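*Asks:* Take a look at this one; I'll ask things after.
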Amino acid sequence: MAALFNSLFGGSKPSASPIPAGDSDFADFAGAPDPSPTPLAAVPTVASFTGAGAVPTGSSAVPFTKWYNIHERHSLSDFKQEGVILGILLVIIAIHLYGTSSNRKRAKAWITAHAPILQNEFALVGFGGRKVPTEEESEGLSKTLATDSLQLPVDLLKEKSPQEFSTYATGRLNVAFLDVNLTLLKRYSPLTLAFEYGASLFFDSIPAPVERVEAILYPFDGRESLTVPGQLPGAHELRKDNKSSYDGFVWAIVNKETMKQLRGERYDVSITSTKDHPKLPNWATIMSESSEITEFLLTPELIKAVESAGELLDHIIITDQPIDQPSKLDETIPKKRLYLSMRLPSSGDYTNLLPIFQYFLRLTDTLVQSAHFRPEVLRKVRTTRDDAIRRLQKADDEEKAEEIKLEREKVKKQKRDAELKGLNAKSQKKYLEKEKEKEMKRAQKKQTQRG
Amino acid sequence: MVSPQITNLVIILGMMQVSKKIPLDDPNTLNLVRAGYLLSNLIIIAVYAYTHLIINKKKDMTTLKYVEQPQMGSTEEPKPITTTVHKYDVDQMKSLYKAQLMGIGMMGVMHIYFKYTNPLLIQSIIPLKSAFEGNEVKIHLFGKAAVGELRRPFKAAAGFMSALQGGAAPAQDKKSIEAAEKAGRGGSKEE
């Protein structure tokens, strides 16, 4: 390392110092002749950069030191280290560029496949702001997507990091907004990738890196008026018919490979019970709170979509419960969301995944229309939530009782101190003795009681 | 059939006597023993890999539910596990690989760092034997039916420490599964 620094910062051993070591005065310096450039003739005709053979310049009257002549002090072989470093750097940069560009290509392929569906369903897709959709424009969009440039359609897909892309959509009946996140492999950093794979083999808690797309859909659930400001056109109509609410429950189709992990990680699915369904392919299972809900939600269309997606589907979850176990009461307030998680096919062919994505986007319509169950079904669902709330309430109450107790003791002590302060020395002593006696009596009483 | 623990003990005692006779100071013999150890580990890996292959080929997606009982003395509630036979088998195989790697690592330290040679002999026989006695290998390689002792989830082998560690066998009756399943244990931030 030291050698490296030496060579990096121009060598700490000048072959000849222009100023003699003892530079206590300027006499030596003044005595020296001007370091005027050597006559042209004395300079070697070809500046041999590698040349070790310095042309003797002693013949000229000008004292010539090596200090001025860089090609005599250094040769190319001095820079081996730098060469190696530069080479490695180039390789790293090349890998990085290749990795990021291939990730971008994959993300683009995804949005190209899914943008038409999103644009059919939502008024606003991506981050470009609202535009009036015209026939021409949507055509133009597909044209820009069709070109083979690496340029991401920035309006549609945002690159959060070289391996994370996200898009956003809003403006649809019954849906507040939709978040889609693409997670790709760290192609730009093969070492990290290899390390992650290795770690996933040894530790169960570290999942193997996979490419997946996760979509979270937030339904309005009857609260359109909160999202749409009052002055906007259409707000009035929204307020009029607040019918986009549906019953809260947790229901999921889960790939069996991930179900153990999922139940451990997510609170909402861990309050359901897992049951295989004969109509589903054998790699998938249902997590539901009630069989009636399952019968209602498991439409033939959905089964077909699940079958076409195949084992790339991780899960599709309809939930109203938090992901993390609630630890406070206000965390139990139901927030309805829909989750879809799929692994990306390595081939980049998304035709099989489109049906489930479309079904997922339209699922809220079905829910709003008819996810209103009989009270018997809902009672079962509600019991689980009430139990959780009660548990938290109890813990909360206990905490409060503790607080009150502490407060009371504090007040008591304050009172005693105040009393003690007001007395003179003699009565203070008396007071303390009395207190001691009282305490002793109490202790004695306790002891006798115990005995 | 004698329990594997007893046969293991017999082999250990026997091999300790045998290893006294073998001139391990002789570099040629030593290399032979080393080669034997490597060969034994290669066989184990091959057996495991083949079993893993069979498991993946079968891909039995039958749902497997059981309740993992907490360790004795811990206040944790029983933990419901929902998985598939395939996933369970793969997890078991993973733990077998891990155990083998650990064994090789330990042996490497003992042999290379501390220069012990005696364990090489025993360590090339015992793991090989237990590899063939493993539940997964029995089921998939030897085609034994997964009933009785081989019923998943496997019971922990009754060993020296198991009585101390406690941990009842995983429960599989319907009642305890249902009770534990709806408890909503997921997503808690424990660590």
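*Asks:* Could you tell me the accessible area of B:SER3 in Å² (1.4 Å probe, neighbours in place), rounded to the nearest ten?
*Replies:* Taking all protein chains as shown, B:SER3 has close to 50 Å².
*Asks:* If you count, for every residue in B:86-94, the Cβ atoms of partner chains within 10 Å of its Cβ, what is the mean?
*Replies:* On the way: counts 3, 6, 1, 0, 1, 2, 0, 0, 3.
Counting other chains' Cβ atoms within 10 Å and averaging over B:86-94 gives 2.
*Asks:* Continuing with this model, one more query. Mind grabbing the accessible area of A:ASP396 for me, 1.4 Å probe, Å², rounded to tens?
*Replies:* Estimated to the nearest 10 Å², A:ASP396 gives 50 Å².
*Asks:* Find the accessible area per residue for the range A:380-450; the probe is 1.4 Å, ligands and nucleic acids are left out, and the unit is Å². Write down the numbers at each step before the final one.
*Replies:* Values: 7070 Å² over 71 residues.
Result: 100 Å² per residue.
*Asks:* OK, next. Rounded if a/c is under 1.5, else prolate if a/b beats b/c, else oblate: with a ≥ b ≥ c from the C-alpha gyration tensor eigenvalues square-rooted, which is the range A:380-450? If you can, show how the numbers build up before the last one.
*Replies:* Details: a/c = 11.00, a/b = 2.38, b/c = 4.61.
Since a/c reaches 1.5 but b/c is at least a/b, the shape of the range A:380-450 is classed as oblate.
*Asks:* Ignoring ligands, DNA and RNA, how do B:MET102, B:MET15 rank by accessible area with a 1.4 Å probe, largest first?
*Replies:* Values: B:MET102 135, B:MET15 35 Å².
Most to least solvent-accessible, the answer reads B:MET102, B:MET15.
*Asks:* Please give every one of the lysines within straight-line cross-link reach of B:LYS138, meaning a C-alpha to C-alpha distance under 21 Å, and leave out same-chain neighbours fewer than 8 residues apart.
*Replies:* B:LYS57, B:LYS58, B:LYS59, B:LYS87, B:LYS94, B:LYS98, B:LYS129, B:LYS155
*Asks:* R0 = 35 Å: FRET efficiency of A:TYR98 with A:ASP204, Cβ-based, nearest 0.05?
*Replies:* On the way: r = 32 Å, r/R0 = 0.92.
Using R0 = 35 Å, I get an efficiency of 0.65.
*Asks:* Can I ask one more? Compute the accessible area of each residue in the range A:268-295 twice, once for its chain alone and once with every protein chain present, using a 1.4 Å probe on heavy atoms, and list those whose area falls by at least 20 Å².
*Replies:* By number: A:SER270, A:ILE271, A:SER273, A:THR274, A:ASP276, A:ASN282.
*Asks:* Return the long-range amide H neighbours of A:ALA176 (sequence gap of 5 or more, or a different chain), with a cut-off of under 5 Å between placed amide H atoms.
*Replies:* Amide H to amide H, under 5 Å and 5 or more residues apart or across chains, A:ALA176 pairs with A:TYR218, A:PHE220.
*Asks:* Show the residues, 5+ positions off or on another chain, whose built amide H is closer than 5 Å to the amide H of B:GLU68.
*Replies:* B:LYS79, B:ILE81
*Asks:* If amide hydrogens are placed 1.01 Å from N in the peptide plane, which non-local residues have theirs closer than 5 Å to the one on A:ASP314?
*Replies:* Placed amide hydrogens put A:SER341, A:MET342, A:ARG343 under 5 Å from A:ASP314.
*Asks:* Leaving out ligands, DNA and RNA, calculate the buried accessible area for the pair A and B with a 1.4 Å probe, summed over both sides, in Å² to the nearest 100.
*Replies:* Working: alone 29340 and 13060 Å², together 40230 Å².
That pair hides around 2200 Å² of surface in total.
*Asks:* Next question. Roughly how many Å² of B:ARG151 are accessible to a 1.4 Å probe, to the nearest 10?
*Replies:* Its heavy atoms expose roughly 130 Å² to the probe.
*Asks:* Which of the residue pairs A:LYS410/A:LYS441; A:LYS405/A:LYS446; A:LYS405/A:LYS434; A:LYS400/A:LYS429 have a Cα-Cα distance greater than 26 Å in the structure shown?
*Replies:* Values: A:LYS410/A:LYS441 22 Å; A:LYS405/A:LYS446 21 Å; A:LYS405/A:LYS434 24 Å; A:LYS400/A:LYS429 37 Å.
Pairs exceeding the cut-off: A:LYS400/A:LYS429.
*Asks:* Further question: List, in order, the whole-Hz ³J(HN,Hα) value for each residue of the range A:370-384 obtained from phi through the Karplus relation with A = 6.51, B = -1.76, C = 1.60 and θ = phi - 60°; use x for Gly and Pro.
*Replies:* Rounded to whole hertz, the list is 9, 7, 10, 9, 5, x, 5, 5, 5, 4, 4, 5, 6, 4, 4.
The values are calculated or read from the model by the stated rules, or taken from the named source; none is laboratory data. Given the structure is predicted, the values throughout are model-derived calculations rather than measurements. All Cβ positions, glycine included, derive from the backbone under ideal geometry; neighbour counts span all protein chains shown. Just the protein is used for accessible areas: all its heavy atoms, side chains included, with ligands, DNA and RNA removed. Shrake-Rupley method; radii C 1.70, N 1.55, O 1.52, S 1.80 Å.
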